[in-house]
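Before any comments, here is the structure.
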Amino acid sequence: QVQLVESGGGFVQVGGSLRISCAASGRTLSSSVMGWFRQVPGKEREFVAAINWSGTTFYADSVKGRFTFSRDNAKNTVYLQMNSLKPEDTATYYCAARNARNLIVTYPQGYDYWGQGTQVTVSS
């Protein structure tokens with residue numbers, strides 16, 4: 001059974017930085033495409049970033065150049081480093097895993113396992 005647990009969310013001021021984490025059990029993250037999504041109430045879940053087994057990353061245009069997706073294979077954990085945060089980055093951030101190792105997709109239906117989410121609030 002795959003379990004994903006996010007942590008590291010919180011409050012941060014505009015322009016600040018935050019790193020959120022996703023620790024996995026029951027699955028070796030390096031063999032899966034991993035994704036970060038975010039959602040605000042009343043809106044659809046939005047793709048943020050993804051990484052595949054080879055370390056190739058892909059970012060939404062809205063976060064490109066500000067967010068960095070990384071992976072620590074020894075800890076079986078992925079991270080999302082978020083810099084230059086904006087109020088519009090406020091959301092619940094979800095970690096997700098695909099039953100695939102190479103092909104990155106940006107739609108939520110393409111992911112098979114989800115964490116419970118961690119709240120990120122950017123205040124002005």
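The values are calculated or read from the model by the stated rules, or taken from the named source; none is laboratory data. Only a predicted model underlies this, so the values are computations on that prediction, with no experimental measurement involved. Glycine also receives a Cβ, built like all others from the backbone with ideal geometry; neighbour counts cover every protein chain displayed. Note: areas computed on protein heavy atoms with side chains; ligands, DNA, RNA excluded. Shrake-Rupley method; radii C 1.70, N 1.55, O 1.52, S 1.80 Å.
Couple of notes before you dig in:
- Residues that are buried (at least 17 other Cβ atoms within 10 Å of the Cβ), within 26 Å of VAL14 (Cβ to Cβ) and touching a Ser or Thr at 6+ places or on another chain (Cβ under 8 Å) within region 59-89 comprise PHE69, VAL78, TYR79, LEU80, MET82, LEU85, listed in sequence order.
- Restricting attention to region 26-51, the residues that are open to solvent by less than 40 Å² (accessible area, probe 1.4 Å) and modelled with pLDDT of 95 or more total 11.
- Counted residues, region 26-52 - those being in a strand (DSSP E or B) and closer than 19 Å to GLU88 by Cα: 8
- Residues of region 8-25 classified as open to solvent by 60 Å² or more (accessible area, probe 1.4 Å) and either within 17 Å of PHE69 (Cα to Cα) or not aliphatic (A, V, I, L, M) (or both), total: 4
- Screening region 53-124 for strands (runs of 3 or more DSSP E) wholly inside it with 3 or more residues that are small (Gly, Ala, Ser) returns the ranges 91-97.
- Inter-residue pairs, beta-carbon under 7 Å, first of a type outside the set (A, V, I, L, M, F, W, C) and in region 40-51, second open to solvent by 50 Å² or more (accessible area, probe 1.4 Å) and in a strand (DSSP E or B), 6+ apart: ARG45/GLN39; GLU46/GLN39
- Candidates ALA96, ALA60, ALA91: the one that is within 13 Å of the chain's Cα centre (by Cα), touching a residue at least 40 places away in the same chain (Cβ under 8 Å) and closer than 24 Å to THR28 by Cβ is ALA96.
- Filter result (touching a strand residue (DSSP E or B) at 6+ places or on another chain (Cβ under 6 Å), assigned to a loop (DSSP other than H, G, I, E, B) and at pLDDT below 95) within region 1-25: VAL2
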